[in-house]
């Protein structure tokens with residue numbers, strides 16, 4: 001029986017792969033959990049699209065500063081050595097290839113690394129892109145953090161994305177609750193399976209032929 | 001003597017006509033020129049094109065301007081918020097035109113306008129819906145799309161301190177779109193907590209040089225500051241922390 005790990009465990013697994021000295025952008029939602037699980041003693045710098053490099057944890061409630069927020073518009077702090085900058089500089093950091101890693105959520109990732117995470121194309125839905133397209137094409141490594149299956153049991157790893165794309169051939173690696181997958185020229189390759197999850201179970205859940213050790 | 005200080009906020013906005021394109025700074029609540037937007041609501045101009053990262057929150061500010069039917073068109077990157085109901089309603093009713101722009105393209109298009117750039121090729125959006133109908137070019141083996149500048153008749157921005165010449169400094173992540181919008185608009189109106197003497201701002205630390213600013217409107221210190229020092233005691237929207245279980249969430253503000 002395939003084994004799932006929790007969001008917190010997955011965040012810790014992603015954090016373990018972020019190297020010393022990396023400049024990292026964490027997307028809104030679950031990816032923010034990664035910040036609290038960076039191994040002790042490892043120095044990384046967090047970038048937030050709204051103009052801060054060197055972002056720190058949330059402040060105490062009575063120390064919330066409305067002028068100091070993250071991309072999710074939540075209060076944060078600035079660590080010693082932090083820098084503030086305007087939006088054109090901030091997105092220049094992304095587009096210019098200066099970020100080492102970004103971690104984002106996904107609706108779908110295709111086996112050639114296309115990412116869909118801004119719209120399900122639903123009738124009447126209010127569209128919103130934010131910084132997702134810039135991050136997807138800009139960061140040196142794009143990590144996706146997601147459940148493998150939707151609530152309806154559909155695989156988020158797909159042969160071709162059916163939802164509107166955020167970026168083409170941009171995803172490097174997908175961290176899911178069942179396994180970690182690399183995007184390779186031959187499609188998805190299983191890097192690591194969690195618990196009792198088997199290669200065959202992953203192929204069955206995704207409906208894809210997967211590379212990596214079986 | 002150059003003096004851009006305009007203490008009368010209504011006078012500062014008086015010449016914004018119907019049909020104007022107006023940039024509004026801010027990312028969420030940070031850097032939002034709250035008093036200038038309220039004054040624009042009172043001023044009455046309509047048929048506006050608004051350029052702003054978001055499309056308003058709750059029942060105040062830009063959301064109120066949209067609710068009043070004064071915005072014909074909006075260019076933004078992220079209109080959908082948990083409390084963007086006025087935009088949502090107008091959009092679903094077909095009563096507001098939306099140009100959805102990825103945030104980095106929005107910032108760079110604004111920057112390009114202020115810097116006199118005719119257009120630029122960007123990799124952001126290649127292969128997505130926003131690239132449809134746009135000129136493509138492969139440069140050094142990578143595909144790009146052509147994006148044009150976004151100019152405005154007016155920019156309404158928020159800064160921390162300014163002087164009578166129009167030099168501005170910002171505070172933390174409230175800087176966001178302020179400096180690039182200031183350069184991209186024909187007329188830039190900045191609200192500041194405080195106007196300081198010429199020479200009081202360190203030239204090494206000026207973020208927006210005076211050349212980009214036309215009017216400086218002092219609106220007073222915000223509740224989480226005291227004599228320029230951060231004192232806290234507010235929520236992320238700048239509302240005083242609730243004491244004794246008050247139910248008021250500051251919606252009337």
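Here, each number is a calculation from the coordinates, and none is a lab measurement. What you see is a predicted model; the values in this text were computed from it and never measured. So basically every Cβ, Gly included, is an ideal-geometry build from the backbone, and we count neighbours across all protein chains shown.
If I model a spin label as a point 7 Å beyond the Cα along the Cα-Cβ vector, how far apart are those points for residue A:199 and residue B:8 in nm?
Once both label points are built, they end up 8.0 nm from each other.
Using alpha carbons only, how many angstrom separate the centre of the stretch A:135-214 from the centre of the stretch A:1-26?
Result: 15 Å between the Cα centres.
Anyone know which of B:186, B:124, B:49 comes out most mobile in the 10 Å Cα GNM of chain B?
Among B:186, B:124, B:49, the largest GNM mean-square fluctuation belongs to B:124.
What distance in nm separates the two pseudo spin-label positions at residue B:202 and residue B:142, each 7 Å out from Cα along the beta-carbon direction?
3.5 nm
Calculate how many DSSP beta bridges within chain A are antiparallel, expressed in % of all such bridges and rounded to the nearest 5.
About 55 percent, rounded to the nearest 5.
Apply 1/(1 + (r/R0)^6) to the Cβ-Cβ distance of residue A:122 and residue B:211, taking R0 = 51 Å, and write down the FRET efficiency to the nearest 0.05.
0.65
Just need the relative contact order of chain B here, percent rounded to a whole number, with Cα pairs under 8 Å and 6+ apart.
Over chain B, the number comes to 21 percent.
Dividing the alpha-carbon radius of gyration of the stretch A:62-113 by 2.2 N^0.38 Å (N being the number of residues), what value is obtained?
1.51
In whole Å, what three semi-axes, largest first, describe the equivalent ellipsoid of the stretch B:57-200 built from its Cα gyration tensor (square root of 5 times each eigenvalue)?
One finds semi-axes of 29, 24, 12 Å for the stretch B:57-200.
In percent, what relative contact order does chain A have, based on Cα pairs under 8 Å that are 6 or more apart in sequence?
Relative contact order of chain A: 20 percent.
Extending each Cα 7 Å along its Cβ direction at residue B:134 and residue A:63, get the distance between those two points in nm, one decimal.
The modelled label-to-label distance comes out at 4.1 nm.
Stretch residue B:59-residue B:18 to full length: gain in nm at 0.36 nm per residue minus the Cα-Cα span?
12.5 nm
Once the Cβ-Cβ distance between residue A:36 and residue A:150 is put in as r, and R0 is 30 Å, what FRET efficiency do you end up with, to the nearest 0.05?
Plugging the Cβ-Cβ distance into 1/(1 + (r/R0)^6) gives 0.70.
If I fit a long axis through the Cα atoms of helix A:7-16 and take the longest principal axis of the Cα atoms of chain A, what angle between them do I get, 0 to 90°, rounded to 10?
The angle comes out near 80 degrees.
Give the calculated FRET efficiency between residue A:82 and residue B:241 to the nearest 0.05, with a Förster radius of 30 Å applied to their Cβ-Cβ distance.
FRET efficiency, residue A:82 to residue B:241: 0.75.
Return P(r) of the protein assembly as shown (all Cα-Cα pairs; 20 Å bins starting at 0; whole %; ordered from short to long distances).
For the protein assembly as shown, the pair-distance distribution reads 24, 55, 20, 1.
Taking just the alpha carbons, could you work out the radius of gyration and Dmax for chain B, both in angstroms?
Rg, Dmax (Cα atoms, Å): 18.8, 63.
Once Rh is set to the Kirkwood radius over Cα pairs, what Stokes-Einstein translational diffusion coefficient, in µm²/s, holds for the stretch A:1-113 at a temperature of 10 °C and a viscosity of 1.306 mPa s?
The calculation lands on 105 µm²/s.
Per Stokes-Einstein, at 37 °C and 0.692 mPa s, what whole-number D in µm² s⁻¹ belongs to the stretch B:140-217, with the Kirkwood radius over Cα pairs as the hydrodynamic radius?
After rounding, the answer is 248 µm²/s.
Taking only the alpha-carbon atoms of the stretch A:7-206, what semi-axes of the equivalent ellipsoid follow from 5 times the gyration tensor eigenvalues under a square root, in whole Å, largest first?
28, 19, 16
In the Gaussian network model of chain B, springs joining C-alpha atoms below 10 Å, which of B:198, B:60, B:213 carries the largest mean-square fluctuation?
Answer for the Gaussian network model of chain B: B:198.
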